[in-house]
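The values are calculated or read from the model by the stated rules, or taken from the named source; none is laboratory data. Bear in mind the structure is a predicted one, so any value in this text is a computation, not a measurement. Note: ideal-geometry Cβ built from the backbone for every residue, glycine included; neighbour counts use all protein chains shown. Side chains are part of the model used for accessible areas, which takes the heavy atoms of the whole protein and leaves out ligands, DNA and RNA. Shrake-Rupley method; radii C 1.70, N 1.55, O 1.52, S 1.80 Å.
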Amino acid sequence: MSDKEETEGSEGPVAPRRVIGTPPPTPRLLGSTAVAEGGHGGQVSDETGRGEHIGGEIPTHPVDEAHAKRVEKIVAACFIFAFISGCGFIAAYVGFEVGSNRLGAGDSVVDAALRSNLALGTSLAVTLIALGLGALLWVRHLMPDVEVVEERHELRSDPKDRQAFEQYFKEGASNSQFVKRPLVRRTLMLGTLPLLAAPVVLLRDLGPLPGTSLRHTVWSPGRRLLVFGTDTPITSAEFSVPGSAITIVPEGYADDADALTKATVTLIKFRPGELDIPTTMTGSTLIGTMNWTVDNIVAYSRICTHVGCPVGLYEQTTHHLLCPCHQSTFNAAKGAEVIFGPAPRPLPQLPITVDAQGYLVAKSDFTQPVGPSFWERG
Amino acid sequence: MSDNFDVPAPLEGVGGWLDDRFHGARGFRVLMRKVFPDHWSFMLGEIALWSFVILLLSGTFLSLFFVPSMTDVVYHGSYVKLDGIRMSEAYQSTVSISFDVRGGLLMRQIHHWAADLFMASLIIHMLRVFFTGAYRKPREVNWLIGVGLFTLGLLEGLFGYSLPDDQLSGAGLRIFEGVLQGIPIVGTYLAFFLFGGGFPGNDIVPRMYVLHVLLIPGLLLGLITAHLFIMFHQKHTQMPAKGNTEKNVRGQPFFPYFLAKGGAWFFFIFAALVLLATFAEINPIWLYGPYTPVAISSASQPDFYMGILEGSLRMMPAWEINGFGHTLSLSVLIPAAVPLGIIFGGAAIWPFFEQWATGDRSFHNINDRPRNAPMRTGIGVAAVVFYGVLWAEGANDVIADKLQIPLYTITWISRVLVFVGPAAAFFVTKRICLALQRQDKETLLHGYESGIIRQLPNGEFIEVHRPVNEEARAVLEAKTVPALMPAPGSEDENGLPAPSSRGALGKVRARANRAFAETIVVETNGHGNGHEVGNGHGAAVEAGQAGEQASVGSAAAGQLPAGENPADSPGSGI
């Protein structure tokens, strides 16, 4: 597109590159009052006093009408093509139905959507390309090639104007007595202060205060562990294959996203002797112990202590729990201690036991907040 | 309007009609004559502009069908694989746009691709502006607006791709909420107010929706308008070339040339997006399923422009400070704030830092060639490497999988590389810039190698060098050499330190000034003496690092007088 790309390293003196066959400009352009012909363009001053050159390289040879005619036909062909393709777009819209309501019984909805997408997209793209191509050929081959050199007006105003402006500002500031009367100034500031706080105050009802809600989950003594997906309770005997891990949701909250965000649990079965959870205390609170397991079955919070993704991957052979979001890795055999990654602390352990029917139930809620760190966590 | 023109009769009176109503004769004429320089790099910003237009168009279409609601429904629609599944209305309507609305899938994919193209072209446009120094006075405000547009674009994108409430974006939103919670003192309150309680609640989708379709686009539109008006008023910069000066701007007028070219460009960009939307599937939310806090999949990557945040979260070691009943979650705060803080904050203060360090307060309408500003180019490439390492780390699981490198190894490599990479990039880039300057100088002084070998009468073979032509010369000579401030710790004859280098800040400034001023001075006989004499401040001229002979010259010494025959100049400097 450019007549003046960097010519560094070019071989010998070259003439400014021109598109072959570009017709020369008409002698008068764009309302200018005079144009000098020849190799250097003319200096023109308009009524604003802004000087301007027109046509740094106006060729003197006549318009190549034959070439122009040929290009004109190509441009027209592009636009006709765009018209046809545009009609194709409308036809594709009408012709390719989507959605089970309008499709026949045996038709695949996905196939129909993709078919429609293909037809609509292709016809639209072809239309746009044809229009763009036509416009481009038009401007490059049919419009006279001009180059305008425009003077920049100084951004800096005349010193007199600058001074007058400053003067006026100072005068206005002085007339306002803003500096002279501090009482007015300060009471004004005081007066607007509550108004500035108003938007923040108004946003208060966007949500409840956090309170202690981040410290608790819906787990409570005796609440059954349900298998995610089937939503059925499970006994330790049913969960007897060592190495297996399943996702657990609390009974009564299997469809409650708010509750599940904190309460989801991973249940893992170990071979005898593999599981070794050190007894851990935070202050006087017990947060990890073998006593909270049943038959080498342990329950950890599924919510990563980093930023709250579900720790979804379990590798049987190494007993590693891995969070796919940021790769925090926990050793499930050792109280879910952190092995790698940005998580700052182990996954909280849920105390579990069995109820009278033999189903796995929670002994209590988690004894520490689950999920990501927050300021009040401590 | 004048005679002699081929204008259809109905258009004859347009000028008069407009002037009668708006007094626009002069104003509209100036508008139509606005000069647009012809350089490929100037089209990058246009890509962003046209992408934005396409985003508005396709977004309006989508908003007619999208239901921004988190109300639970059970799906019984066209897509049988999700039949009977509980989901939000937002997700249901997005599936419906994809399968039940003709052109809906196309529009969704155009919208998503256009968002990616918008951000990508924005980044590349900013790099162009940075590396050519086009942000310099008087264009600092427009640069700041650009930084603001980039920041808003990130948020707009995040909220946009989170709207369908699918499994992938829901996980991203959960991460966003987890990061919010980590902010000291106000974090939990921010999270609870934004989400209307605990995660996910029932409010976040409608709230993000209004931010995504009203507030942020409104701000973007306002800022883009301001960006264009300021650009228009200040006129374009231009690359150094023969005939381009600080006082003029060369190119083709808006009407009809740029109008037609810009129109064609719009069609091409639109076409490219339509082709992508037709043949390259993006964000197939029906495969991800509706969001549930229980599930997750590996290879969960956000859109590319959020990759830097994802990468820094992955890279961070588990640092956390607990005490006084509070938790300071550094493993979340540092990655969330520091990398983007460096990129955005650094970009925002850079023009002012450069002015401060170089003492250059003059207007600049001719851009720099990147090689002629080694310090800036070095810093820019360092920033690109910094960004790139963090960005690649955001896909470390994918890289580990594809290249069969252990995951932790990749994370460790990136932890080292994020510090070492930018430093090495800075050093190497600066060296390359100076070497290219030296090559330019050679070309300027001795011409270019013509490939013609000639035998002299004494039997010696020489290669004929041809002087560079005028066009190339104009480019090669377009180098401004920064003025030197007094050297760090320099004193006058009375033992008083120079005012500008006084104090700790002054020393920093003097040092920064040296770094910016490192350049290869083109000297010609009878003129170039910056090397020996110095620059009037009496400052010693420093050599560059390690055997490098880059010299520092004054502004005057760096300029080669036009028309001087370079062929017999000895090139005394090097």
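Being more than 14 Å from chain A (Cβ to nearest Cβ), assigned to a helix (DSSP H, G or I), farther than 30 Å from B:V249 by Cα and modelled with pLDDT of 90 or more: is that true of B:A336 here? Break it down stepwise before answering.
Details: more than 14 Å from chain A (Cβ to nearest Cβ): no; assigned to a helix (DSSP H, G or I): yes; farther than 30 Å from B:V249 by Cα: yes; modelled with pLDDT of 90 or more: yes.
For B:A336, the condition - more than 14 Å from chain A (Cβ to nearest Cβ), assigned to a helix (DSSP H, G or I), farther than 30 Å from B:V249 by Cα and modelled with pLDDT of 90 or more - is not met.
Is it true that B:G263 is over 30 Å from A:G312 (Cβ atoms), small (G, A, S), within 8 Å of chain A (Cβ to nearest Cβ) and open to solvent by 20 Å² or more (accessible area, probe 1.4 Å)?
Values: over 30 Å from A:G312 (Cβ atoms): yes; small (G, A, S): yes; within 8 Å of chain A (Cβ to nearest Cβ): yes; open to solvent by 20 Å² or more (accessible area, probe 1.4 Å): yes.
Yes; evaluated as a whole, the condition is true for this residue.
Sort through B:L149, B:L122, B:L117, B:L105 and tell me the only one that's closer than 30 Å to A:V98 by Cβ, open to solvent by less than 20 Å² (accessible area, probe 1.4 Å), part of a helix (DSSP H, G or I) and among the hydrophobic types (A, V, I, L, M, F, W, C). First the steps, then the outcome.
Values: B:L149 fails: closer than 30 Å to A:V98 by Cβ; B:L122 fails: closer than 30 Å to A:V98 by Cβ; B:L117 fails: open to solvent by less than 20 Å² (accessible area, probe 1.4 Å).
Within the list B:L149, B:L122, B:L117, B:L105, the selection yields B:L105.
Are there any pairs with C-beta distances below 6 angstrom linking a residue in the stretch A:331-349 that is within 13 Å of chain B (Cβ to nearest Cβ) to a residue that is open to solvent by 20 Å² or more (accessible area, probe 1.4 Å) and in a strand (DSSP E or B), with the two at least 6 apart or on different chains, and if so which?
A:E337/A:N331; A:I339/A:N331; A:P346/A:E337
Name the one entry in B:I285, B:I230, B:I269 that is more than 10 Å from chain A (Cβ to nearest Cβ) and open to solvent by less than 40 Å² (accessible area, probe 1.4 Å). Even if it seems obvious, please write down each step before you answer.
Working: B:I230 fails: open to solvent by less than 40 Å² (accessible area, probe 1.4 Å); B:I269 fails: more than 10 Å from chain A (Cβ to nearest Cβ).
Answer to the check: B:I285.
Can you find, within the stretch A:226-265, the residue that is nearest to A:G335 (Cα to Cα) among those that are touching a residue at least 40 places away in the same chain (Cβ under 8 Å), open to solvent by 10 Å² or more (accessible area, probe 1.4 Å) and among the β-branched types (V, I, T)?
Among residues in the stretch A:226-265 that are touching a residue at least 40 places away in the same chain (Cβ under 8 Å), open to solvent by 10 Å² or more (accessible area, probe 1.4 Å) and among the β-branched types (V, I, T), the one nearest to A:G335 (Cα to Cα) is A:T247.
So how many residues does the stretch B:431-467 have that are farther than 19 Å from B:R376 by Cβ and open to solvent by less than 20 Å² (accessible area, probe 1.4 Å)?
Matching residues across the stretch B:431-467 total 4.
Considering only residues of the stretch B:176-206 that are open to solvent by 20 Å² or more (accessible area, probe 1.4 Å) and part of a helix (DSSP H, G or I), which is nearest to the other protein chains (Cβ to nearest Cβ)?
Let us first name the residues in the stretch B:176-206 that are open to solvent by 20 Å² or more (accessible area, probe 1.4 Å), namely B:176, B:179-180, B:183-186, B:189-190, B:193-194, B:196, B:198, B:202-203, B:206.
Right, trim to part of a helix (DSSP H, G or I) and you get B:176, B:179-180, B:189-190, B:193-194, B:206.
Values: B:F176: 8, B:V179: 6, B:L180: 9, B:Y189: 6, B:L190: 10, B:F193: 4, B:L194: 7, B:P206: 12 Å.
Checked the stretch B:176-206; the qualifying residue nearest to the other protein chains (Cβ to nearest Cβ) is B:F193.
Only strands (runs of 3 or more DSSP E) wholly contained in the stretch A:248-334 count here; list those with 3 or more residues that are within 35 Å of the chain's Cα centre (by Cα). Reasoning before the result, please.
Details: elements: A:265-269, A:280-282, A:285-288, A:297-301, A:313-315, A:320-322, A:329-331.
Once the strands (runs of 3 or more DSSP E) in the stretch A:248-334 are filtered for at least 3 residues that are within 35 Å of the chain's Cα centre (by Cα), what remains is A:265-269, A:313-315, A:320-322, A:329-331.
Going by the structure shown, is A:C78 farther than 21 Å from B:L82 by Cα, within 11 Å of chain B (Cβ to nearest Cβ) and either under 36 Å from the mean Cα position of the chain (by Cα) or not β-branched (V, I, T) (or both)? Break it down stepwise before answering.
Numbers: farther than 21 Å from B:L82 by Cα: yes; within 11 Å of chain B (Cβ to nearest Cβ): yes; either under 36 Å from the mean Cα position of the chain (by Cα) or not β-branched (V, I, T) (or both): yes.
In short, yes.
Every residue, every condition in (1) in contact with a Phe, Trp or Tyr (Cβ under 9 Å, 6 or more places away or on another chain); (2) modelled with pLDDT of 90 or more, yes or no:
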site: A:R224; (1), (2): yes, yes
site: A:F228; (1), (2): no, yes
site: A:T247; (1), (2): yes, yes
site: A:L260; (1), (2): yes, yes
site: A:A263; (1), (2): yes, yes
site: A:T280; (1), (2): no, no
site: A:T289; (1), (2): no, no
site: A:V298; (1), (2): yes, yes
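Among the residues of the stretch B:359-377, is any open to solvent by 50 Å² or more (accessible area, probe 1.4 Å), assigned to a helix (DSSP H, G or I) and away from chain A (no Cβ under 14 Å)?
no
Return the total of residues in the stretch B:229-243 being under 12 Å from A:E151 (Cα atoms) and either part of a helix (DSSP H, G or I) or of a type in the set (A, V, I, L, M, F, W, C) (or both).
Here the count works out to 1.
Suppose we filter A:A113, A:A198, A:A130, A:A173 for residues that are open to solvent by less than 90 Å² (accessible area, probe 1.4 Å), in contact with a Leu (Cβ under 9 Å, 6 or more places away or on another chain) and not in a loop (DSSP other than H, G, I, E, B); which single one remains? Before the answer, list the steps.
Working: A:A198 fails: in contact with a Leu (Cβ under 9 Å, 6 or more places away or on another chain); A:A130 fails: in contact with a Leu (Cβ under 9 Å, 6 or more places away or on another chain); A:A173 fails: in contact with a Leu (Cβ under 9 Å, 6 or more places away or on another chain).
The conditions single out A:A113.
The conditions are (1) in a strand (DSSP E or B); (2) touching a helix residue (DSSP H, G or I) at 6+ places or on another chain (Cβ under 7 Å), and B:M87 fails exactly one of them. Which is it?
Going through the list (1) in a strand (DSSP E or B); (2) touching a helix residue (DSSP H, G or I) at 6+ places or on another chain (Cβ under 7 Å), B:M87 breaks only (2).
Let me confirm something: among A:S328, A:S373, which residue is within 14 Å of chain B (Cβ to nearest Cβ), open to solvent by less than 10 Å² (accessible area, probe 1.4 Å), of a type outside the set (D, E, K, R) and in contact with a helix residue (DSSP H, G or I) (Cβ under 7 Å, 6 or more places away or on another chain)? Outline the logic, then answer.
Details: A:S328 fails: in contact with a helix residue (DSSP H, G or I) (Cβ under 7 Å, 6 or more places away or on another chain).
Unique residue meeting the criteria: A:S373.
Mind listing just one residue for me: the one in the stretch B:47-81 that is surrounded by fewer than 18 Cβ atoms within 10 Å (Cβ to Cβ) and part of a helix (DSSP H, G or I) and, of those, nearest to the chain's Cα centre (by Cα)?
Within the stretch B:47-81, the match that is nearest to the chain's Cα centre (by Cα) is B:V53.
Please work out which one of (1) assigned to a helix (DSSP H, G or I); (2) over 28 Å from the mean Cα position of the chain (by Cα); (3) over 21 Å from A:L203 (Cα atoms) is the condition B:P164 fails and give its number.
(1)
Taking the stretch B:244-260 as the region of interest, how many residues are open to solvent by less than 40 Å² (accessible area, probe 1.4 Å) and either touching a residue at least 60 places away in the same chain (Cβ under 8 Å) or assigned to a loop (DSSP other than H, G, I, E, B) (or both)?
Residues of the stretch B:244-260 open to solvent by less than 40 Å² (accessible area, probe 1.4 Å): B:244, B:248-253, B:256-257, B:260.
From the residues that got through so far, the ones that are either touching a residue at least 60 places away in the same chain (Cβ under 8 Å) or assigned to a loop (DSSP other than H, G, I, E, B) (or both) too are B:244, B:249-253, B:257.
Residues flagged as open to solvent by less than 40 Å² (accessible area, probe 1.4 Å) and either touching a residue at least 60 places away in the same chain (Cβ under 8 Å) or assigned to a loop (DSSP other than H, G, I, E, B) (or both) within the stretch B:244-260 amount to 7.
Restricting to the stretch B:420-455, name every residue that is of a type in the set (A, V, I, L, M, F, W, C) and touching a strand residue (DSSP E or B) at 6+ places or on another chain (Cβ under 6 Å). Steps first, please.
Residues of the stretch B:420-455 of a type in the set (A, V, I, L, M, F, W, C): B:420, B:423-428, B:432-436, B:444-445, B:452-453.
The answer is B:I452, B:I453.
What's the total number of residues in the stretch B:391-404 that are touching a residue at least 12 places away in the same chain (Cβ under 8 Å) and either under 15 Å from B:F344 (Cα atoms) or charged (D, E, K, R) (or both)? Please lay out each step first, then the result.
Step one: filter the stretch B:391-404 for residues touching a residue at least 12 places away in the same chain (Cβ under 8 Å), giving B:391-398, B:401.
Keeping just the survivors that are either under 15 Å from B:F344 (Cα atoms) or charged (D, E, K, R) (or both) gives B:393, B:397, B:401.
Of the residues in the stretch B:391-404, 3 are touching a residue at least 12 places away in the same chain (Cβ under 8 Å) and either under 15 Å from B:F344 (Cα atoms) or charged (D, E, K, R) (or both).
Consider B:D440 carefully, then state whether it is touching a helix residue (DSSP H, G or I) at 6+ places or on another chain (Cβ under 6 Å) and part of a helix (DSSP H, G or I).
Criteria met by B:D440.
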